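All remarks here apply to the structure that follows.
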Amino acid sequence: MAKFTGSLMGMGNPLLDISAEVGQDILDKYDVKVDNAILAEEKHLPLYKELADNYSPQYIAGGATQNSIRVAGWILAANGRPGECSYMGCVGNDEFGKRLEKCAAEDGVCVNYMKDETTPTGTCAVLVKGGERSLIANLAAANNFKPSHLETDESKAIYESAKVYYIAGFFLTVSVESLKIVAEHALANGKTFCLNLSAPFIIDFFGDQVATAL
């Protein structure tokens, strides 16, 4: 990977979105509310196969922070500033992980994924009904990001070069320690650190992690 010299870094949960138009029956079957985002529980796990088997879904590179960084990359490139964006997260060493990396690279994002050899790349069921989306994230490998990844030469070059950092609240369920490393670097060097609280369940169930981040 070429040395990153851009200005924007994101860190989060890279997921492959599995998106399909569904009826109320599917929302009821899996106890999912319209226009909400949740982490998958055991009862939700059959949903991913059901979408693949019965709904001809779209497969889209996703994850809240990765999406934001990709869009930022489009905007900056359109204004004559390509190569300004980078992203870190954890994926499996599998085809879904390769698809995510290819998609990000095509959008001009410098990705520095941590690779988990034993856990598959995370997925997110995107249930679309009446123009509203309900998200059920199965983090899988995305849940295994470790602070040790930030100790690599590639990672240090990225976060030391960046001037602005963006992390969604979803990452607070994964590695508060990693978030703190980046946030403390931003604070010590007068850089901008942005945290999105993301979804109600983050506040409801991960209040201590939010307090640590703040």
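The values are calculated or read from the model by the stated rules, or taken from the named source; none is laboratory data. Note that this is a predicted model, so its numbers are computed, not measured. In this analysis, Cβ positions are derived from the backbone assuming ideal geometry, glycine residues included, and neighbour counts consider all displayed protein chains. Side chains are part of the model used for accessible areas, which takes the heavy atoms of the whole protein and leaves out ligands, DNA and RNA. Shrake-Rupley method; radii C 1.70, N 1.55, O 1.52, S 1.80 Å.
Restricting the first member to the range 34-50 and to residues that are within 18 Å of Gly62 (Cα to Cα), and the second to residues that are surrounded by fewer than 16 Cβ atoms within 10 Å (Cβ to Cβ) and of a type in the set (Asp, Glu), the beta-carbon pairs closer than 8 Å and six or more apart or on different chains are Asp35/Glu132. For first residues located in the range 85-113 and assigned to a loop (DSSP other than H, G, I, E, B) and open to solvent by 10 Å² or more (accessible area, probe 1.4 Å), partners that are of a type in the set (Lys, Arg) and modelled with pLDDT of 90 or more and lie 6+ apart or on another chain with Cβ distances below 6 Å form the pairs Asn93/Lys115; Asp107/Arg70. Could you tell me whether Ile60 is of a type in the set (Val, Ile, Thr) and modelled with pLDDT under 90? When the stated conditions are applied, Ile60 passes them. Quick check on my filter: what residues within the range 50-73 are open to solvent by less than 50 Å² (accessible area, probe 1.4 Å) and part of a strand (DSSP E or B)? The answer is Ala61, Gly62. Only one of the listed residues (Leu45, Leu76) is of a type in the set (A, V, I, L, M, F, W, C), surrounded by fewer than 22 Cβ atoms within 10 Å (Cβ to Cβ) and touching a Cys at 6+ places or on another chain (Cβ under 8 Å). That residue is Leu76.
I'd like to know if the range 157-178 contains one or more residues that are free of Cβ contacts under 8 Å to residues at least 60 places away in the same chain, open to solvent by 70 Å² or more (accessible area, probe 1.4 Å) and under 29 Å from Asn36 (Cα atoms). There is at least one residue in the range 157-178 that is free of Cβ contacts under 8 Å to residues at least 60 places away in the same chain, open to solvent by 70 Å² or more (accessible area, probe 1.4 Å) and under 29 Å from Asn36 (Cα atoms).
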